[in-house]
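K.L.:
First, the structure itself, so that you have it in front of you.
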Amino acid sequence: MAVLDAIDTLAPIREKVEAGERLDFEDGLTLIECDDLLALGELADLARRVRGGGDEVYFVQNLYLNQTNVCRVKCKFCAFARTRKQEGAYTLSADELVEEAVAQYERSRFTEIHCVNGENPHVDLEFYAEVLRKLRSALPDVHLKFYTASEIHHMSKLEGCTHEEVLRVLKDAGLGSLPGGGAEIFSERVRRLIAPGKEHPDEWFHVHDTAHRLGIPTHCTMLYGHVETYEERIDHLLRLREQQDASGGFLAFIPLAFHPENTVFERRGFTFTTGADDLKMIAVSRLMLDNIPHIKAYWIMMGLPMAQIALHFGADDVQGTVVREEIFQAAGATSGTEQKIPELVRTIREAGRIPVQRDTLYNELRRW
Ligand code: SF4
């Protein structure tokens, strides 16, 4: 699309953004079909500022842990999961996980542990609750951001109880918030193709809705760049926006690009998303999700240089120091697994923004 055409096409959307009006499905399609990246970035940054955003860019000091990679689901995009007898399968006891977390804490004084796992059919709810209790006792100041909605649903099946009962048990054990994984793409057509063993999207929403009602904040994601259409991406964003209207507990949205390495899609010739697609998704997410406070440019997935550019496309968070990420590394991410605070600060500053270290709930801990 020529630049002048793009400006014309985007003009009615710009008017809506300036007036604080909500964008609709057709607006979303117009945005995602637009190839004038700079115009999209400028519009998304405008939307961010119109809704009260400033120059602050946030990050958290965090540790990533996985307690088990044993999983019954077999999503086709996943390079992380194993069956129990497969080489490389592991299931750590609560004591092993706590020991590792405490050792890492001595080195990096993180304020958050982010933990997601395979849906292991050989454990029970106590397996999940025990590790929270022991971590809360060993590291009382650390926020425990544990278990995707898919895992919560899995626990409710293991235990024969409701999502609410599972969440109450975990909250009592020390759960602070839920990460946003398991959303993939809500379209049933796509889920049948890429994750036929996964729960219905209604279950994902029910877990988040219940968590929000119980006072547990959560995050939300979208996995894009595989077999989904643009329409299905916009539909996904609108469903999240609707949920946020209803329950209001999403802290941030994280668009996740599909990484095909070591998955069935690599054999079929799928490749990584391009930088243009990644920036476009950041911008479109910021524009469409007018009620979710933060959009994250997840540097582990997109690389730090691209995350830096994304700060001018509507993102206001680069996630964090991320010690020990395994899931994107298994699928071919090449951006390392750890970033030191000085490097994050330099990256944000050189993008013309103000680095702010936050806790999980976006309370400011330090500003540069
Ligand atoms: S994405 Fe999660 S649920 Fe799917 S196979 Fe991998 S670990 Fe299992």
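K.L.:
Over region 249-318, calculate the relative contact order: mean separation of alpha carbon pairs under 8 Å at least 6 apart, over the residue count, as a percent. Walk me through the numbers on the way to the answer.
P.N.:
Values: 86 pairs, mean separation 26.3, N = 70.
Contact order relative to length: 38 percent.
K.L.:
Write out the chymotrypsin sites (Phe, Trp or Tyr not before Pro) in region 189-288 meeting two conditions: DSSP loop, and at most 14 other Cβ atoms within 10 Å of their Cβ. If you can, show how the numbers build up before the last one.
P.N.:
Details: sites: W204, F205, Y224, Y230, F250, F253, F258, F265, F270, F272; in loops: F258, F270, F272.
Filter output for region 189-288: empty list.
K.L.:
Among E15, E151, E228, which one moves the most in a GNM of the chain with springs linking Cα atoms closer than 10 Å?
P.N.:
Of E15, E151, E228, the Gaussian network model singles out E15 as fluctuating most.
K.L.:
In vacuo Debye scattering of the chain, one point per C-alpha: log10 I(q)/I(0) at q = 0.10, 0.11 Å⁻¹?
P.N.:
-0.60, -0.73
K.L.:
Pull up the DSSP beta bridges for the chain and report the antiparallel fraction as a percent, rounded to 5. Please list the in-between numbers first.
P.N.:
Working: 4 of 31 bridges.
Around 15 percent of the beta bridges assigned by DSSP in the chain are antiparallel ones.
K.L.:
Along Cα→Cβ, 7 Å out, is where each label goes; now give me the distance between the ones at E106 and L214 in nm to one decimal.
P.N.:
If labels sit at E106 and L214, their model points lie 3.4 nm apart.
K.L.:
Using the crude model of +1 on Lys and Arg Cβ and -1 on Asp and Glu Cβ, and no other charge, please compute the dipole size for region 118-240 relative to its Cα centre, in debye to 20.
P.N.:
On the way: 14 positive and 20 negative charges, 56 e Å.
With Lys and Arg at +1 and Asp and Glu at -1, about 260 debye.
K.L.:
Multiplying the sequence separation of S137 and E188 by 0.36 nm and subtracting their Cα-Cα distance, what value in nm do you get?
P.N.:
On the way: separation 51, 0.36 × 51 = 18.36 nm, distance 4.13 nm.
Net length gain for the segment: 14.2 nm.
K.L.:
Enumerate cysteines in the chain without a disulfide-compatible partner, where compatibility requires another Cys Cβ under 4.7 angstrom.
P.N.:
When partners are defined as cysteine Cβ atoms under 4.7 Å apart, the chain leaves C34, C71, C115, C161, C220 without one.
K.L.:
Further question on the same structure: To the nearest 20 debye, what is the magnitude of the charge dipole of the chain about its Cα centre, counting +1 on the Cβ of each Lys and Arg and -1 on the Cβ of each Asp and Glu?
P.N.:
Working: 42 positive and 58 negative charges, 167 e Å.
Here the size comes out at about 800 debye.
K.L.:
While we're looking at this one, here's another question. On a straight-distance basis, which lysines could pair with K74 in a cross-link, Cα separation under 23 angstrom, same-chain partners fewer than 8 positions away excluded?
P.N.:
Excluding near neighbours in sequence, the set is K85, K157, K198.
K.L.:
Can you give me the Cα centroid spacing of region 275-296 and region 126-171 in angstrom?
P.N.:
Result: 30 Å between the Cα centres.
K.L.:
Follow-up question, since we're still on this one. May I ask you to order 39-48, 194-203 by the average number of other C-beta atoms within 10 Å around their residues, highest value first?
P.N.:
Values: 39-48: 21.7, 194-203: 16.6.
Sorting 39-48, 194-203 by mean packing, highest first, produces 39-48, 194-203.
K.L.:
In percent, how large is the relative contact order of the chain, given Cα pairs closer than 8 Å and 6 or more residues apart?
P.N.:
On the way: 689 pairs, mean separation 80.4, N = 368.
Answer for the chain is 22 percent.
K.L.:
Also, quick follow-up: Over 17 Å, how big is the tail of the calculated P(r) for region 253-318, in percent of all Cα pairs?
P.N.:
Result for the distance tail: 40 percent.
K.L.:
Taking springs between alpha-carbon atoms closer than 10 angstrom, which of L38, L132, L289 fluctuates most in the Gaussian network model of the chain?
P.N.:
It is L38.
Laboratory data are not the source of any read-out in this text; all were calculated from the coordinates shown. Fair warning: this is a prediction, and the values are worked out from it, not measured in the lab. So basically every Cβ, Gly included, is an ideal-geometry build from the backbone, and we count neighbours across all protein chains shown.
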